[in-house]
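This report concerns only the one structure given below.
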Amino acid sequence: MRRKIYDELIKWKNESQGKKAILIDGARRVGKSYIAEQFAKENYKTYILIDFSKVSQAVKDLFENYMDNLDYLFTYLSGYFNTKLYERETLFIFDEVQFCPKARGAIKHLVADGRYDYIETGSLVSIKKNVKDILIPSEEHKLRLEPMDFEEFVWAMGNDTLMDFIKMCYNKKIPLEPAMHRKAMDYFKEYLIVGGIPQAVEIYAETRDFEKVDAVKRDVIELYRDDIRKHAEDVSLKVKQIFDDIPAQLQKHEKKFNLASLDVNARYREYYGAFYWLQDAGLINIAYNTTEPNIGLKLNMDSSSFKCYMFDTGLLLSMAFDEKGLVDEEVYKKILFDKLSFNEGMIIENIVAQMLVAAKKKLYYYSKSSREDSSERMEIDFLIAKSKITSKHNITPIEVKSGKNYTFSSLNKFKNKYKDYLNKSIIVHQGDLKEENDVLYLPIYMTPLL
């Protein structure tokens, strides 16, 4: 599985020269351990992978008892894992490091020693119990690994050239034309259904069997529910409530998360910890409402008004169609060929959020309601800031349209009110690229290029 984070690891190795460790965090089953070990095999003379989820307590204790005797520590690990160590040519992988916080805390001293390189992988690395009693090392550079993005999915399907063509069309602002657009949309619909969990992508690449893919996805979903029961501690019931309610929340026309659906007396302050747990676990993407579309989107953020998306749309589909415990392959085929009537908007908006996050974008939207003044009632699905800031026109409003017929009332009101703030408006749709009336209509598979 070819992943873009591999290039970031190469850059780290060449530029850091042992002066910083790398922490790869993200949800379970997104491929953290796989990419770390692949990188080790191809770029180091030897490596030692220490999986703290199953290694003996004796090995864990080394990182508490022998930090003042690194020669002994390295000799022990070399013998225990039967691996010869070479200065500047050996990599240590601390896999599932959240199960041994002391090992993460030891990174400061190990990096200062300078003999070897270190990659940590983990989930839930920031929650209180996993950072208690340790000093978070400043010598640690963090990388977030998301599910496979659309380009990585296309690579996994054996096509190494399609995205290069799509990028060329995006940069020149020209359409792909019918044949290539249909081909790109076919890949995109497969990605929509399969999602970006590497194990599901691998099964689909090998078999093209949606039922086998769905079985894999359901195993992953149950793994996450088990993690919630085991590790969410005092907020586990609230976390499970939120996690299981995501499809129903996105099904609504107004997709802002409604706490009252969980409990009529619910207050955000009571659920804040549960949302934080899910976000730290990498299982949700949150878009916050910004009250003014100015350059400081975060400065104008209303943290209590937000939309909650599933981090992987393939998993969301398996959760949404959950009547029989397994989604029938015919259901997936009907989705693939546009033969099934359902609220496709929730799925399309979720995958746009997923692609924006994979492209390192923070998620913001704009929503305002007014009973008295209809010109003030509007909602814009996403807002992103330009990479190069100018005196005005820095914010790009993005509207996501799932069907072929749509209106622009919110976008037109938004443009009239905030014209000095806004860059070109974008409609993300399922058609080809075109520009009309100062609006860029962008095919949905180009979202990562924004």
Item checked: Which listed residue, of Lys173, Lys183, is basic (Lys, Arg), in contact with an Asp or Glu (Cβ under 9 Å, 6 or more places away or on another chain) and modelled with pLDDT of 95 or more -> Lys173
Notebook entry, point to check: Can you tell me which of Val59, Val125, Val111 is modelled with pLDDT of 95 or more, crowded, with 16+ Cβ neighbours inside 10 Å, out of contact with any Lys or Arg (no Cβ under 7 Å at 6 or more places or on another chain) and of a type in the set (Val, Ile, Thr)?
Noted result: Val59
Note to self: Of everything in the range 207-218, what is surrounded by fewer than 16 Cβ atoms within 10 Å (Cβ to Cβ) and either assigned by TED's automatic domain parsing to the domain that holds Arg29 or free of Cβ contacts under 8 Å to residues at least 60 places away in the same chain (or both)? Give them in sequence order.
What the structure shows: Thr207, Arg208, Lys212
Check: Restricting attention to the range 424-450, which residues are over 26 Å from the mean Cα position of the chain (by Cα) and either among the polar types (S, T, N, Q) or at positive phi (or both)?
Finding: Asn437, Asp438
Notebook entry, point to check: Out of all the residues in the range 375-403, which are among the hydrophobic types (A, V, I, L, M, F, W, C) and buried (at least 18 other Cβ atoms within 10 Å of the Cβ)?
Noted result: Met378, Ile380, Phe382, Leu383, Ile384, Ala385, Ile395, Ile398, Val400
Notebook entry, point to check: Quick one: how many residues across the range 236-283 are touching a residue at least 40 places away in the same chain (Cβ under 8 Å), more than 16 Å from Ser304 (Cβ to Cβ) and surrounded by 16 or more Cβ atoms within 10 Å (Cβ to Cβ)?
Noted result: 9
Item checked: Residue that is farthest from Leu442 (Cα to Cα), among those in the range 403-420 that are at pLDDT below 90 and hydroxyl-bearing (Ser, Thr, Tyr) -> Ser409
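Looking at Leu422, Leu450, Leu433, Leu442, can you tell me which residue is farther than 30 Å from Glu152 by Cα and either surrounded by 12 or more Cβ atoms within 10 Å (Cβ to Cβ) or outside the structural domain of Ile193 (by TED's automatic domain parsing) (or both)?
Leu422 is the lone residue from the list that is farther than 30 Å from Glu152 by Cα and either surrounded by 12 or more Cβ atoms within 10 Å (Cβ to Cβ) or outside the structural domain of Ile193 (by TED's automatic domain parsing) (or both).
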Check: Restricting attention to the range 1-15, and to residues there that are surrounded by 16 or more Cβ atoms within 10 Å (Cβ to Cβ) and among the hydrophobic types (A, V, I, L, M, F, W, C), which single residue is nearest to the chain's Cα centre (by Cα)?
Finding: Ile5
Next item on the list: Output the residue which, of all residues in the range 284-314 that are β-branched (Val, Ile, Thr) and under 23 Å from Gln251 (Cβ atoms), is surrounded by the most Cβ atoms within 10 Å (Cβ to Cβ).
Entry: Thr313
Notebook entry, point to check: Any idea which residue in the range 26-55 is farthest from Phe99 (Cα to Cα), counting only those that are polar (S, T, N, Q) and at pLDDT 95 or above?
Noted result: Asn43
Checklist line | Filtered residues of the range 178-206 (kept if surrounded by fewer than 23 Cβ atoms within 10 Å (Cβ to Cβ), small (Gly, Ala, Ser) and either without any contact (Cβ under 8 Å) to a residue 40 or more places away in the chain or not in a helix (DSSP H, G or I) (or both)) | finding: Ala179
Notebook entry, point to check: Which residues, taken from the range 54-109, are within 30 Å of the chain's Cα centre (by Cα) and hydrophobic (A, V, I, L, M, F, W, C)?
Noted result: Val55, Leu91, Phe92, Ile93, Phe94, Val97, Phe99, Cys100, Ala103, Ala106, Ile107
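If only one of Tyr276, Tyr309, Tyr288 is closer than 21 Å to Arg377 by Cα and either modelled with pLDDT under 85 or within 19 Å of the chain's Cα centre (by Cα) (or both), which one is it?
Only one candidate qualifies: Tyr288.
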Next item on the list: Take the range 62-82 and flag every residue that is surrounded by 15 or more Cβ atoms within 10 Å (Cβ to Cβ), closer than 19 Å to Gly114 by Cα and of a type in the set (Ser, Thr, Tyr).
Entry: Tyr66, Tyr76, Ser78
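The values are calculated or read from the model by the stated rules, or taken from the named source; none is laboratory data. These figures come from a predicted structure and were not determined experimentally. When we count neighbours, we look across all protein chains shown, and the Cβ atoms used for this are built from the backbone with ideal geometry, even at glycine.
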